[in-house]
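Shown next, in structure tokens, is the structure this report addresses.
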Amino acid sequence: MFVDRSKIQVKAGDGGKGCESFYQRRPMRYPIRDGGDGGKGGDVIVKAASNVHTLLDFRYRQHFKAESGKHGSSNLKKGKNGKDCLLLVPPGTIIRDAANNHIIRDLDKIDEQVIVVKGGKGGIGNNKKKITIPECPGQEMTLLLELKLIADIGLIGYPNAGKSSFLNAVSGAKSKVAAFPFSTIKPVLGVLKSKLSDSHVTIADIPGIVEGAHQGKGLGIEFLRHIERTKVLLFVIDMAGTDQRNPLEDYANLLQELQHYDRRLLKKPQIIALNKMDVPEAEANLKEFKHNKKKADVFEISCKSKKGIEKLADALLTMFSENSG
Ligand SMILES: Nc1nc2c(ncn2[C@@H]2O[C@H](COP(=O)(O)OP(=O)(O)OP(=O)(O)O)[C@@H](O)[C@H]2O)c(=O)[nH]1
Ligand SMILES: [Mg+2]
């Protein structure tokens, strides 16, 4: 299961109470104030850990609380600080304040961490002033955790174009392939390994995108967030022209949808895989495509006959190493 969003409630520890205490021994004429301060409440910290890969744990538990500070006591004894509560998330997790959707932190580096709610200050005992100063409560907040896959290459294409077929052909992934649109409904990651060296690239397969996806058509464009961080975009175009569609228009529409989502996506290096070249109709479509997109970096492939797959896989490995610097 791939969990990519979770809502959790976090509460930092309250400060411990400051103590009111007096000490008097003969022959002292007046008592001395000796109430100790309360300890600070623990913080809730979210940290990106390399050995965590999903947000699955947060499906089973949504409430997290750090320890409160201990109360101060007589004889100037300060209460102990409460223990922090540490939550581990996968690198690539964005933390938002659920109340206003503002991003608190984008944890994209391993071991990066952020204090999401701060523990309350401990109360001040009566040792410094005549009266005790009350402790502060710990902050609380509802957080939205959102995981963006971090892959090197992102697959973009219409439903049924053959994205999952391609991913499965070049990697050990088992992304669902079927002859109906939207067979992929959750992002899938695969690893393409070089046969010549130990270099490899990760590829993210996401649900298909259709014209109008930015208005919510199909499964919408929300899955595009998974390719925001990819280094290269691989467009998979259905050259069979399924459902009377035209490959050139498909490509133009895909670009448009990307632009609607975030125009910075279009600045990424692109490779175009012209798939289903085994189908007879593909030849005519190929001519038209090449005529109109003379400068584009295109690869003719067939996931069915496997023609051109290895060449494209090699190009991706090379291109990735060129863009990974
Ligand atoms: N003839 C032919 N069929 C292909 C080729 N590649 C994929 N297909 C078929 O096209 C259909 C869709 O393939 P998928 O890999 O599921 O397509 P997808 O782009 O992942 O589709 P969604 O997940 O729905 O977006 C399946 O029936 C595949 O067998 C190809 O090169 N030639
Ligand atoms: Mg698919």
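The values are calculated or read from the model by the stated rules, or taken from the named source; none is laboratory data. What you see is a predicted model, and the numbers here were worked out from it, not measured in a lab. Virtual Cβ from ideal backbone geometry, glycine too; neighbours counted across all protein chains shown. All accessible areas refer to the heavy atoms of the entire protein, side chains included, with ligands and DNA or RNA removed. Shrake-Rupley method; radii C 1.70, N 1.55, O 1.52, S 1.80 Å.
Confirm whether Asp250 is acidic (Asp, Glu), assigned by TED's automatic domain parsing to the domain that holds Pro280, within 16 Å of ligand 2 (Cβ to nearest atom) and closer than 21 Å to Val279 by Cα. Even if it seems obvious, please write down each step before you answer.
On the way: acidic (Asp, Glu): yes; assigned by TED's automatic domain parsing to the domain that holds Pro280: yes; within 16 Å of ligand 2 (Cβ to nearest atom): yes; closer than 21 Å to Val279 by Cα: yes.
Yes, satisfied.
Can you name the residue in segment 181-222 that is among the hydrophobic types (A, V, I, L, M, F, W, C), assigned to a strand (DSSP E or B) and under 17 Å from Val236 (Cβ atoms) and is also nearest to ligand 2 (Cβ to nearest atom) among such residues?
So in segment 181-222, the residues among the hydrophobic types (A, V, I, L, M, F, W, C) come out as 182, 185, 188-189, 191-192, 196, 201, 203-204, 206, 209-210, 213, 219, 221.
After this cut, where a residue has to be assigned to a strand (DSSP E or B) as well, the list is 188-189, 191-192, 201, 203-204.
Among the residues that remain, those that are also under 17 Å from Val236 (Cβ atoms) are: 188-189, 192, 201, 203-204.
Details: Val188: 8, Leu189: 13, Leu192: 16, Val201: 19, Ile203: 12, Ala204: 11 Å.
Ranking the qualifying residues of segment 181-222, first place goes to Val188.
Which number in (1) more than 16 Å from ligand 2 (Cβ to nearest atom); (2) without any contact (Cβ under 8 Å) to a residue 40 or more places away in the chain; (3) open to solvent by less than 50 Å² (accessible area, probe 1.4 Å) marks the one condition that Ser175 misses?
In the conditions (1) more than 16 Å from ligand 2 (Cβ to nearest atom); (2) without any contact (Cβ under 8 Å) to a residue 40 or more places away in the chain; (3) open to solvent by less than 50 Å² (accessible area, probe 1.4 Å), Ser175 misses (1) alone.
Every residue, every condition in (1) open to solvent by less than 40 Å² (accessible area, probe 1.4 Å); (2) away from ligand 1 (no atom under 16 Å from the Cβ), yes or no:
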{"site": "Lys109", "(1), (2)": "no, yes"}
{"site": "Val116", "(1), (2)": "yes, yes"}
{"site": "Lys121", "(1), (2)": "no, yes"}
{"site": "Ile133", "(1), (2)": "no, yes"}
{"site": "Met141", "(1), (2)": "no, yes"}
{"site": "Leu144", "(1), (2)": "no, yes"}
{"site": "Leu147", "(1), (2)": "yes, yes"}
{"site": "Pro159", "(1), (2)": "yes, no"}
{"site": "Ser164", "(1), (2)": "yes, no"}
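Within segment 238-245, does at least one residue satisfy the condition of being open to solvent by 70 Å² or more (accessible area, probe 1.4 Å), touching a residue at least 24 places away in the same chain (Cβ under 8 Å) and in the same structural domain as Pro187 (by TED's automatic domain parsing)? Can you show your working first?
Just the residues of segment 238-245 that are open to solvent by 70 Å² or more (accessible area, probe 1.4 Å), to begin with: 243-244.
Restricting the remaining residues to those that are touching a residue at least 24 places away in the same chain (Cβ under 8 Å) gives none.
For segment 238-245, residues open to solvent by 70 Å² or more (accessible area, probe 1.4 Å), touching a residue at least 24 places away in the same chain (Cβ under 8 Å) and in the same structural domain as Pro187 (by TED's automatic domain parsing): absent.
So how many residues does segment 261-280 have that are charged (D, E, K, R), within 28 Å of Glu222 (Cβ to Cβ) and within 15 Å of ligand 1 (Cβ to nearest atom)?
Step one: of segment 261-280, the residues charged (D, E, K, R) are 262-264, 267-268, 276, 278.
Now drop any that are not within 28 Å of Glu222 (Cβ to Cβ), which leaves 262-264, 267-268, 276.
Now restrict to residues that are within 15 Å of ligand 1 (Cβ to nearest atom): 276.
Residues flagged as charged (D, E, K, R), within 28 Å of Glu222 (Cβ to Cβ) and within 15 Å of ligand 1 (Cβ to nearest atom) within segment 261-280 amount to 1.
Looking for whichever is within 13 Å of ligand 1 (Cβ to nearest atom), open to solvent by 40 Å² or more (accessible area, probe 1.4 Å) and over 22 Å from the mean Cα position of the chain (by Cα) here; the options are Glu300, Glu283, Glu211, Glu288. Which one fits? Full working, then the answer.
Numbers: Glu283 fails: within 13 Å of ligand 1 (Cβ to nearest atom); Glu211 fails: within 13 Å of ligand 1 (Cβ to nearest atom); Glu288 fails: within 13 Å of ligand 1 (Cβ to nearest atom).
Unique residue meeting the criteria: Glu300.
Name the single residue that is least open to solvent (accessible area, probe 1.4 Å) among those in segment 23-45 being in contact (Cβ under 8 Å) with a residue 24 or more places away in the chain and not in a loop (DSSP other than H, G, I, E, B).
Looking only at segment 23-45, we keep the residues that are in contact (Cβ under 8 Å) with a residue 24 or more places away in the chain, and these are 23, 33-45.
So of that shortlist, the ones also not in a loop (DSSP other than H, G, I, E, B) come out as 23, 33, 44-45.
On the way: Tyr23: 92, Arg33: 79, Val44: 0, Ile45: 18 Å².
That would be Val44.
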